[in-house]
Structure formats: C-alpha cells, structure tokens
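J.: Sharing a structure here in structure tokens format.
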Ligand code: SF4
C-alpha cells in the first residue's frame, strides 16, 4: 500500500488519520507543527511524539515534497521554482519579496482549462488538477528553503496568492484543505486577509468558498462588458459579468476584506481606451445593479509570442488609472517583477501535457475582439479556447 502523503491533510484530516492509526486525535496538532512550522519530514526527529506513533507513521505515511527541477532568481529578488509533478507535467511557484510583505504565488493545476486569451498558462491547455498535498508542498518547500537560505528560523512568507497556474475554483476539493493548512495556527498561521484566491469567475464556487473558507478574493475581470469579456475570458459565456458581480457582493458578506480586488490586464487597443475606463467605472461604481466596493489592479500585459497581443503604453495605463482614481476607486498599477526569469504575471507556463488540445484550437481560430465604446473590430489573431468546461 502506498504511504499516505501527510501534506494532503488539513488538521482535521490529520486528526482522523491519527485516529485510524489508533493514536490520540489531538496529537495531530503536534505532527502538523513539526511538518509545517519546522519543516521536518523525518518522523524519527519528531521527539515529542511517542516512539510507537513514530514507528507506525514510518510504516504508513510520508511527507512527500515536490520534485524540484530548477530554481531561478531574478535581479529583483523574485525566485521561481519549477517542480515536476509527473506525467510530463511541471508547475511553477513564484516568491515575490517586497518591503512590507513576502508573497508566494501558488499553482493549483497543471495547465488551465479556462483558456484566457492573454495568459500563457491558458495557451498550454489543461492536464490535471493538483492534489491538496501538491498545493501545500509549494508553500512547504518555499518557506523552508528560504529559511535555510537566510539561516534563520523566522517565518518568511507573509502572503499567499492562488494566482499561479490554474483556476483554483475549478479544483475546489484540493483547494479547500490547502487553504485550511495555510490558515491553521498549527501550520502556517496566515491571516485570512493575507491569503487570496484569484478566480476568472466560477460563480457557484465563489458562493461555496464564502461558506466554507472566506479568504481575500481577486477576480480576473479584464473587460468592462460581456461582449469583450466573452472573448478574453471564455468562462464569461457561462457566468456573465452581472452574475459574477452579484456573487462578489454575496461574498463580501463573509469576506475578511470589505472590497473585492479586480484584476485588469492592460492590452493595447483591446481593453485600454478612455471609453472603456469610463465603462468600467460605470460598472463597478455607478450602476446600482452591479456597483460593488472595489479595488482595481491594472496589470501591464507581459507579451508572449503566441498571444498576438501587445501591452498598453505606460501613458494609456496611467490615463486609464486616472479615470478610476478620480472617482475614488483605489487603483494600483502592478509593478512587473521577475520578468527576466519569465516569472511575471501571466508568464507562468511550466510544462503541460495538454489533454484539451487547446494549443491546436488557439492556433486555428480567428476571433473578433469587440472593443466596447468603439464599435466592433475584426482582428486576425489566434483564437480562444472555447467550451473548456468546468472541472469542479
Ligand atoms: S488567467 Fe487564470 S483562469 Fe485564465 S487561463 Fe490563465 S490561469 Fe487559467
């Protein structure tokens, strides 16, 4: 029988596992602290566990890290790890140090089935969901590798964003225990405000997350109307903007923050006009049916060859931001980090054995990009992944 990977379990799961071994449930907290807080994977070293429990664990369990393929460090201190997750797939995890925080960007799937037009992961297609242990192992590796590097037992990572490869809400059954490990006082003890789930808008799962484990929520919006968002984020055809914003308003009833962050990737000539800035303002701020407390994060697009898209000029980004700021919406322009090691937003691409044939479809199709406020423009581009469906 294969050994159980203890990184797969949240505290409750670890307690149940211990009970099944005939051990006391409360011992799970001790075990969790050894694994997650001290980074220990050798049961023999867990000195406050009974010898009999340690021997039993040796027989049936293991702490299985991910197989590290490479580690690259950017001139700005950003670190990107590439992990082999088997079957020809590799995923990426990125550490982003800043003055007041240290953020880990974590992947939830090998590839992604959503197929956003501007996203390098989306262009790779989808292979499989990661298990809870594979999500947690990214944090486990990063936290303890960084402590070792710094020669200190002090906690390094203060924030986690589920913004790496994959749509986390399409892998909900693994996401939920992983989030609970991140938040547990017997593991990483992160505040709910400092753990962010980023979604392209899987409406029913936003509602489930609100009930099960409300953490900070970021929504990949990228367009001020359905016509354009249908093209950029194909999931919008299933969950249009009005439904998405309604679920965000429900989410705020339980959220640890009193606003939703909306991510908006700035694409030259596609979604970055002044008219579109005003349309976004009307959507988030003025229209009674969709108005919502918001923070907007403008992300300069990181071009990659297959996308056929360009980044908006700095002037256009700043002019867009000004429209929102003038109306009182907190608007940030994301600083590009780690672009010299392809670790910047939208650049994570690991290695994916695509089971959705996304690459072929993307290469074949021509799409119409509807530029809101400026009529419809036909642009010859590789197409979008369509009908990729949900996997949760
Ligand atoms: S932006 Fe997110 S949801 Fe869209 S394709 Fe990329 S990883 Fe998937």
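Every number in this text was worked out from the coordinates using simple rules, so none of it is lab data. Everything quoted here is computed from the prediction, not taken from an experiment. Methodologically, a virtual Cβ is constructed for each residue, glycine included, from the backbone with ideal geometry; neighbour enumeration extends over all protein chains shown.
J.: How far is the Cα center of segment 41-71 from the Cα center of segment 229-282, in Å?
T.: If we compute the Cα centre of each part, the gap is 44 Å.
J.: If I take every Cα pair under 8 Å that is 6 or more residues apart in the chain, average their sequence separation and divide by the length, what percent do I get for the relative contact order? Each step should come with its number before you reach the end.
T.: Working: 846 pairs, mean separation 71.3, N = 392.
It rounds to 18 percent for the chain.
J.: While we're on this one: How are the C-alpha pair distances of the chain spread across 10 Å bins, as whole percents from the shortest bin up?
T.: Each 10 Å bin holds this share of Cα pairs: 5, 23, 32, 24, 11, 4, 1, 0.
J.: Between residue 314 and residue 333, 0.36 nm times their residue separation minus their Cα-Cα distance comes to what?
T.: Result for the pair: 5.8 nm of gain on full extension.
J.: What per residue convex hull volume, in Å³, comes out for segment 1-128 when only alpha-carbon positions are used?
T.: Expressed per residue, the convex hull around the Cα atoms of segment 1-128 is 166 Å³.
J.: Over segment 62-104, what is the mean sequence separation of C-alpha contacts under 8 Å (at least six apart), divided by residue count, expressed as relative contact order in percent?
T.: Normalised by residue count, the contact order of segment 62-104 is 28 percent.
J.: Using the C-alpha atoms of segment 130-272, what convex hull volume per residue, in cubic angstrom, is computed?
T.: Spread over its residues, the Cα hull of segment 130-272 gives 122 Å³ apiece.
J.: Given the convex hull of the Cα atoms of segment 77-173, what is a quarter of its surface area in nm²?
T.: Working: hull surface 27.1 nm².
Averaging across all directions leaves 6.8 nm² for the Cα convex hull.
J.: Can you tell me the orientation of helix 203-212 relative to the chain, as the angle in degrees between its alpha-carbon axis and the longest Cα principal axis, to the nearest 10?
T.: Helix 203-212 sits at roughly 40 degrees to that axis.
J.: Let me ask something else. What is segment 4-62's relative contact order, in percent, from Cα pairs under 8 angstrom and six or more apart in sequence?
T.: 34 percent
J.: Helix 314-326 versus the longest principal axis of the chain: what is the Cα-based angle in degrees, 0 to 90, to the nearest 10?
T.: 90 degrees
J.: Once all Cα-Cα distances of segment 207-269 are split into 10 Å bins that start at 0, what whole-number percent is in each one?
T.: All Cα pairs considered, the percentages come to 21, 48, 27, 4.
J.: For q = 0.22 Å⁻¹, what log10 I(q)/I(0) does segment 4-62 give under the Debye formula with an equal point scatterer on each alpha carbon and no solvent?
T.: -0.80
J.: Taking the Cα atoms only, what angle lies between the long axis of helix 132-150 and the longest principal axis of the chain, rounded to 10 degrees?
T.: 80 degrees
J.: Then there is this: Between residue 84 and residue 207, with labels modelled 7 Å along Cα→Cβ, what's the label distance in nm to one decimal, could you check?
T.: According to this spin-label approximation, the distance is 4.4 nm.
J.: Here's a follow-up. Output the antiparallel fraction of DSSP beta bridges having both residues in the chain, as a percent to the nearest 5.
T.: Here the antiparallel bridges make up roughly 50 percent for the chain.
J.: How much length is gained on full extension from residue 3 to residue 289, taking 0.36 nm per residue of separation minus their Cα-Cα distance?
T.: Numbers: separation 286, 0.36 × 286 = 102.96 nm, distance 5.21 nm.
In short, 97.8 nm is gained.
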